[in-house]
Amino acid sequence: MSHQSTPSPAALPSALPIGYPRIGPDRELKKAEEAYWAGRIDRAELDRRTRALRGATRRRLADLGLTAPAAAPESFSLYDQVLDAALAIGAIPDRFAAVLDADGRVDDDGLFALARGTAEQPPLEMTKWFDTNYHYLVPEIGPYTDLHLATSRVIDLFTESLEDGAGTRPVLVGPLTLLLLAKAQDGAPEGFDPLDRLDDAVAVYVELLSRLAAAGAPWVQLDEPALAADQRVDAAALAVLLERSIGRLAAASDRPRLLVTTPYGGIGDLLPSLLATGAEAVHLDLTRGEIPTAAQLAGVAGVQLVAGLVEGRSVWRTELPTAAARLELLRARVAEAGGDPAAVVASTSVSLQHVPHTLEREGSLPAELAATLAFADEKITELIALAGGEVRTGDVDGPRSVPRTFAGVRHEAVRERAAAVTAADAVRTDYARRAEAQQAALGLPALPTTTIGSFPQVGEVRAARAAHRRGELDAAGYERAMREEIARVIALQEELGLDVLVHGEPERNDMVQYFAENLAGFATTEHGWVQSYGSRCTRPSILFGDVHRPAPITVGWATYAQSLTPRPVKGMLTGPVTILAWSFVRDDQPLGETAAQVGLALRDEVADLEAAGIGIVQVDEPALRELLPLRAADHEAYLDWSVRSFRLATSGVREETQIHTHLCYSEFNVVVGAIDALDADVTSIESARSRGEILEAVDPDAFPRGIGPGVWDIHSPRVPSAEEIAEQLRRARGVVRAERLWVNPDCGLKTRGYAETEASLRHLVAAAHAVRAEEPVVSA
Ligand code: GLN
Ligand code: ZN
């Protein structure tokens, strides 16, 4: 690899984002896929629509100025980029062998089978992608998985981009990250680690790269975000694995140039190893990671640095003078280390897949706020300005985003209240005492059955909400429609025989946005969709100012629901950490301060629910794990403020008021301590998709509180049988104290249909009754 003193024509262009949203500005991908899954369109029409989406995306990126070869990322994925990489190397677990044709190839229906499950097989497990709200599918690999090129999608997409006159940069999750994210397939021998298959995986990547070279791709991007997080192997081992993966790929003779990205954080001491692999370009997240020193850059000669200076996961406009100064500093250090400063590229910290497409279509945001925002397209414009050198250079330590000073950013009463909080505001009495008081008040049977909150959002409910928003349905009509739905859902739950009921959340479009719309300090977008997983998108609100609660939010709905039934109805709130995690959050104060403000606003709501006679309040924190820092060294500080904000929300209640929380992920070993620290009386957790593995982490003595491991995977349309659920309950009862075991689905039912919901809940109740009867359980 020869050192170039000026960027050669083969070099990467001076500005590039490492990824771009793929759902389409009008959620075209979602609409096409859901129509296909529902049988409303056929494969040819699905192909036609996704093809049109890719064409439009390439045109848009070119219009924004990404015209040079390899400037625009080829970010399209039919469902998930990790699944794409797994399929590319044939990492298909034995239980899905049927998706491979006689030539060992998998098509889009096979892809959907792994992603969504089939009548026979549950889908691949789904979990959060680093500390984002994007979910990827966890590859399953065994010692004998036949790793081979099972799809040519990456190559086809590149060829297609040439047809469009674009010549994009193919993007693929790299081999090291793929195997670090993978898990051993069921039945793999004890001690087997997917990393054991690294050499075989790399061999397939070598073949893939040679095909890409043959197709004419000048560059390929391999994403290795695993380098930015603590892993099950230490940094020294990672350095060796880097050489065995990226190093080997770079040594292959027949390949495009390699850009290796490391989004989501700093890579610390791994930089020299990465620079030594022979990859022609290395990307660094310089919003979370530090600008490397000249010493750390010792191996930079001949390597193009791709400087992730524009925050790709926030919606704030970059303070360009600061970014320009940091770019200059980096260039100076590259020069000092013997590299080519002119070859440094301006880039984003992470893929822009985490922000909406464009601000252009947002007509109703307050103008002062809008002036401080940048979505994906605006961030690309920032990159181009930065790279073009037309930006005034400011202070390296200046603000990273454009300062915000308009009305609503500061609310003095909120600040005074937060400053007056004492430790006593965040503690309840002893759990054992509370448990007794609650059992006396609630009188629940052993293995109580409940749901997580939402019921299917049928067409009429969504239509009523939309009509209300458009002003076509007045407040009274809307109230009536929601009450009808609540009454239906209560009657259904009584008929099914559930023990603790919910009102069904029909009034909520989204569990965070609903609160954002009813709390001060937030703004809402009209088209700001981002992909959550597969076809699922969310429209995060923008938390820009001090948060408080002008008026009660949920009390009317909860008390109406409770008035319809003698059984307890849970009040249902979204917790502070989740509100932060699923919104775009201000970056002008520590997250902990913002979380405390939200916690105090929710505390008022909890108090009002209790006063209105609601005996159980659930405060969902599905995102607690998601915001957990990627480095263990940062966990304590995070858990401190996140737990405190939850406790601020929930500690103001009487002993007999039962606080529930809901967590929504499957590998939670890391936060078992935090769950304990939340001090909720009952915690429901997702676990069906990982087939109960979660329970292995629970020590019944260390975790005396109520726990409801999900027994129905609601992310898939599949209906579990009563026997299957009973089996999970028997297993759970062997691990957690029987008197503390709750029976519930994995998550809310909002996205499910009524047919599978009724059938599954019937099975769930039947299973609970069967297991209750098998062995008399002593209740506490
Ligand atoms: N209460 C919410 C619901 O049922 C919880 C959803 C979630 O955990 N994501 O929809
Ligand atoms: Zn959930």
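The values are calculated or read from the model by the stated rules, or taken from the named source; none is laboratory data. Computed from a predicted structure; not experimentally measured. Quick reminder, even Gly has a Cβ in these numbers, built from the backbone with ideal geometry, and neighbours come from all protein chains shown. To get the accessible areas, we keep the full protein, side chains included, count just its heavy atoms, and leave off ligands, DNA and RNA. Shrake-Rupley method; radii C 1.70, N 1.55, O 1.52, S 1.80 Å.
Taking only protein heavy atoms and a 1.4 Å probe, the accessible area of region 70-123 is 49% carbon and sulfur. The relative contact order of the chain, computed from alpha carbon pairs under 8 Å that lie at least 6 residues apart in sequence, is 12 percent. Residue-normalised convex hull volume from the C-alpha trace of region 194-351: 114 Å³ per residue. Centre-to-centre separation between the Cα atoms of region 533-565 and those of region 438-501: 14 Å.
Accessible area of region 709-762 with a 1.4 Å probe: how many percent of it is carbon plus sulfur? Please list the in-between numbers first.
On the way: 950 of 1840 Å².
Carbon and sulfur: 52 percent of the exposed surface of region 709-762.
Could you tell me whether region 185-231 comes out rounded, prolate or oblate from its Cα gyration tensor? Rule is a ≥ b ≥ c as square roots of the eigenvalues, rounded for a/c under 1.5, then prolate if a/b exceeds b/c, otherwise oblate. Cα axes put region 185-231 in the oblate bin. Amide H to amide H, with H built 1.01 Å from N, S532 comes under 5 Å of C537, T538, counting only residues 5 or more places away or on other chains. By the helix-only formula, in which each DSSP H run with n ≥ 4 contributes -39500 (n - 2.57) and the sum is divided by residues, the chain has a 222 nm mean residue ellipticity of -11500 deg cm²/dmol.
I need the shape label for region 28-117. Rule: rounded when a/c is under 1.5, else prolate if a/b > b/c, else oblate, with a, b, c from the alpha carbon gyration tensor. Judged from the Cα gyration tensor, region 28-117 comes out oblate (a/c at least 1.5, b/c at or above a/b).
For region 227-298, GluC sites (Glu not before Pro) are listed when DSSP marks them as loop and at most 15 other Cβ atoms sit within 10 Å of their Cβ; the list is E290. Close amide H partners of E319, meaning residues 5 or more places away or on another chain with modelled amide H under 5 Å apart, are S401, V402. Once backbone amide H atoms are built at 1.01 Å from N, T261 has L222, D223, E224, H283 as its partners under 5 Å, excluding neighbours fewer than 5 places away on the same chain.
Taking only protein heavy atoms and a 1.4 Å probe, the accessible area of region 179-260 is 49% carbon and sulfur. Bridging of K570 to aspartates and glutamates at a Cα separation below 15 Å is possible for E494, D499, E505, E605, D608, E610, D620, E656, D681, once same-chain residues fewer than 8 apart are set aside.
Restricting the trypsin sites (Lys or Arg not before Pro) of region 421-521 to loop positions (DSSP other than H, G, I, E, B) with no more than 14 neighbouring Cβ atoms within 10 Å leaves R470.
Using the structure shown, select from K183/K750; K31/K183; K128/K379 the pairs with a Cα to Cα distance greater than 27 angstrom.
Values: K183/K750 29 Å; K31/K183 31 Å; K128/K379 24 Å.
Check vs 27 Å cut-off fails for K183/K750; K31/K183.
Remark: C-alpha extents of the chain on the principal axes read 78, 63, 51 Å, sorted largest to smallest. Coupling constants for region 420-436 follow from the phi torsions by the Karplus curve (6.51 cos²θ - 1.76 cosθ + 1.60, θ = phi - 60°), and in residue order they are 8, 5, 10, 4, 5, 5, 10, 10, 10, 6, 3, 4, 4, 5, 4, 4, 5 Hz; glycine and proline get x. In this structure the chain gives 36 Å² per residue of accessible area when probed at 1.4 Å with all protein chains present.
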